[in-house]
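The values are calculated or read from the model by the stated rules, or taken from the named source; none is laboratory data. Source: prediction; values computed, not measured. Don't worry about glycine lacking a Cβ; one is built from the backbone with ideal geometry, like all the others, and counts go over all protein chains shown. Accessible surface areas use protein heavy atoms only, side chains included; no ligands, DNA or RNA. Shrake-Rupley method; radii C 1.70, N 1.55, O 1.52, S 1.80 Å.
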Amino acid sequence: MSGPTQTAPAHDQRRLLDVQALDTRLAQIAHRARTLPEHAAIAALDGTERSLRDELVAARTVASDVEREATRAETEVEQVRSRAERTSARLAAGGTPPKELQQLLAEAEALTRRLRTLEDAQLEVMERQEAAAEAAAALEERAAGLSGERAKLVAARDTALTAAREEHDRTGAQRAGAIGQLDKGLVALYEQVRARRDGLGAAAVVGETCGGCRLPFTGTFRVRVAAAAPDDVVQCEECDRILVRSPEPELRR
């Protein structure tokens, strides 16, 4: 800066630090709302739930396939058992010619072997059916647990966001009241600088250092600051932020 670009009441300049503090607070509230741990936890849980849904679809498909296989096995067993019972009934009735009797005996023996094989296969399918049902049930139970966990996280997030919004509204109202009483030209300059400088438009002079960029004043600029009138608006030569100076001695009389 080559020198003061405008003037504003010294007390307005000092009160600008109150506005800056409120702006900083508003930024902190917004940052806190954006970075709530619940956001990350919900996102991670959503990913887990998507994977779990895929697993559950696969498990239910397996269970459905095995159930159909079990139904077919039961039908085959019933068919062969019914045939075997009819054959046994014919043998028990007697009066069967010798040649046909031999055929019936051979058929009964074959049906018995076939029934034993089918029953063994049915047992194996039933065991797989039970295992598939248990696997699907376990995944469903886990999904229900995740759903409950997510509901708690969402509730906690919403509570935190509501609190942040309320605090933001209160702080915003304080800011509006504070900045509305300041010199309009000073406010316009402050807003311009704040937009360019990461939300920090005004900083206190700390000794002979800018409280914004933390850099010490050069010799020439130090003289310029010391010579500036109380109502002169001085901006840092390095970061361009409005420098808020302590009251001049005559203001402390």
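Glu127: of a type outside the set (Lys, Arg) and open to solvent by 60 Å² or more (accessible area, probe 1.4 Å), yes or no?
Answer is yes for this residue.
Give the stretch 3-51 a look and list any residue that's within 30 Å of Ala144 (Cβ to Cβ) and of a type in the set (Ser, Thr, Tyr), or say none.
Thr35, Thr48, Ser51
In the stretch 194-217, what residues are open to solvent by less than 60 Å² (accessible area, probe 1.4 Å) and either in a loop (DSSP other than H, G, I, E, B) or farther than 17 Å from His11 by Cα (or both)?
Gly199, Leu200, Gly201, Thr209, Cys210, Gly211, Gly212, Cys213, Phe217, listed by residue number.
Can you say whether Thr159 is over 30 Å from Glu55 (Cβ atoms), surrounded by fewer than 17 Cβ atoms within 10 Å (Cβ to Cβ) and among the polar types (S, T, N, Q), as far as the supplied structure shows?
yes
Taking the stated definitions as given, is Arg25 in contact with a Pro (Cβ under 8 Å, 6 or more places away or on another chain), of a type outside the set (Ser, Thr, Tyr) and within 30 Å of Leu186 (Cβ to Cβ)?
No.
Hey, could you check the stretch 113-138 for residues that are closer than 11 Å to Glu76 by Cβ and among the aliphatic types (A, V, I, L, M) and say which is farthest from the chain's Cα centre (by Cα)?
The extreme case among them is Leu115.
Report every pair of residues separated by at least 6 positions or lying on different chains whose Cβ atoms are under 7 Å apart, first residue within the stretch 13-27 and open to solvent by less than 10 Å² (accessible area, probe 1.4 Å), second of a type in the set (Ser, Thr, Tyr).
Leu16/Tyr190
Working carefully through the options Leu182, Leu139, find the one that is in a loop (DSSP other than H, G, I, E, B), touching a helix residue (DSSP H, G or I) at 6+ places or on another chain (Cβ under 7 Å) and buried (at least 16 other Cβ atoms within 10 Å of the Cβ).
Just a single option satisfies the conditions, and that option is Leu182.
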